[in-house]
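The values are calculated or read from the model by the stated rules, or taken from the named source; none is laboratory data. Model, not experiment: these values are computed from the prediction. Neighbour counts run over all protein chains shown; Cβ positions are idealised from the backbone, glycine included.
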Amino acid sequence: MSSHKSLLPWFRYKEAFNDQYLYDRNSGRPKPVQQPVASPWQIILKVSGARLNRTRRYSFAYEAVNMQGVIVFFGVASSAARSKGGAMFEAMVDAAIRAKHHGFQYILFLGDDRRVVQAFRKKRSSDWLDNTRLADLNTLTQSGLVCNMLFVPHIIVNHVWYVAKIATQLPIAGTTRLLY
């Protein structure tokens with residue numbers, strides 16, 4: 001009989017522990033809509049940022065490719081960002097606005113910076129300026145744009161990074177050209 005009494009607290013603990021997963025801890029906060037990777041993406045945006053060590057100047061570049069592999073548009077500009085990640089966020093906002101303007105709704109970003117991908121997925125960053133850019137992206141998603149970001153090896157975005165690196169040496173005011 002005493003062995004049953006000693007097991008009773010264990011069963012209660014187990015029952016309470018299992019029940020806690022039935023409740024949503026963040027029920028007051030809206031959950032961000034996560035788009036699965038295998039969705040019907042309309043456009044893939046390769047984004048990259050670069051830094052010139054001597055002058056601490058940052059720049060970004062992006063390239064938009066449709067599902068047939070055709071480059072639709074690209075952009076490159078010098079940036080006032082304080083980090084490479086900040087330049088990448090600036091590129092993402094600029095590219096998302098351009099994509100929306102051209103009628104694209106489902107966007108997949110590809111980037112080679114793990115911190116940027118993590119901040120994009122969590123919807124927050126440690127830098128207040130990056131948080132502002134994330135808020136801009138969030139506003140675009142609330143207006144109907146569906147975005148996701150994947151971490152890719154540097155070789156995938158190497159040619160975009162190279163253009164961004166040139167923009168650190170030769171300041172560019174912001175060029176976007178429609179190729180489609």
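Test each condition in (1) under 30 Å from LYS165 (Cα atoms); (2) at pLDDT below 75; (3) not aromatic (Phe, Trp, Tyr) for HIS4 and report the one that comes out false.
(1)
Under 8 Å between Cβ atoms, which residue pairs at least 6 apart in sequence (or on different chains) link something in the stretch 137-157 that is touching a residue at least 12 places away in the same chain (Cβ under 8 Å) with a partner that is in a loop (DSSP other than H, G, I, E, B) and among the acidic types (Asp, Glu)?
PHE151/ASP112; PHE151/ASP113; VAL152/ASP112; PRO153/ASP112; HIS154/ASP112; ILE156/ASP112; VAL157/ASP112
Just to be sure I understand, how many residues within the stretch 58-103 are touching a residue at least 60 places away in the same chain (Cβ under 8 Å) and in a loop (DSSP other than H, G, I, E, B)?
Final tally of qualifying residues: 2.
Since ALA135 meets every condition but one in (1) farther than 13 Å from LYS46 by Cβ; (2) surrounded by 14 or more Cβ atoms within 10 Å (Cβ to Cβ); (3) within 12 Å of the chain's Cα centre (by Cα), which condition does it not meet?
(2)
Scan the stretch 104-132 residue by residue and report those that are closer than 19 Å to ARG51 by Cα, out of contact with any strand residue (DSSP E or B) (no Cβ under 8 Å at 6 or more places or on another chain) and either in a loop (DSSP other than H, G, I, E, B) or at pLDDT below 75 (or both).
ASP127, LEU129, ASP130
Does the stretch 45-52 contain at least one residue that is part of a loop (DSSP other than H, G, I, E, B) and at pLDDT 85 or above? Before you say what the answer is, go through the steps one by one.
Filtering the stretch 45-52 down to residues part of a loop (DSSP other than H, G, I, E, B) leaves none.
There is no residue in the stretch 45-52 that is part of a loop (DSSP other than H, G, I, E, B) and at pLDDT 85 or above.
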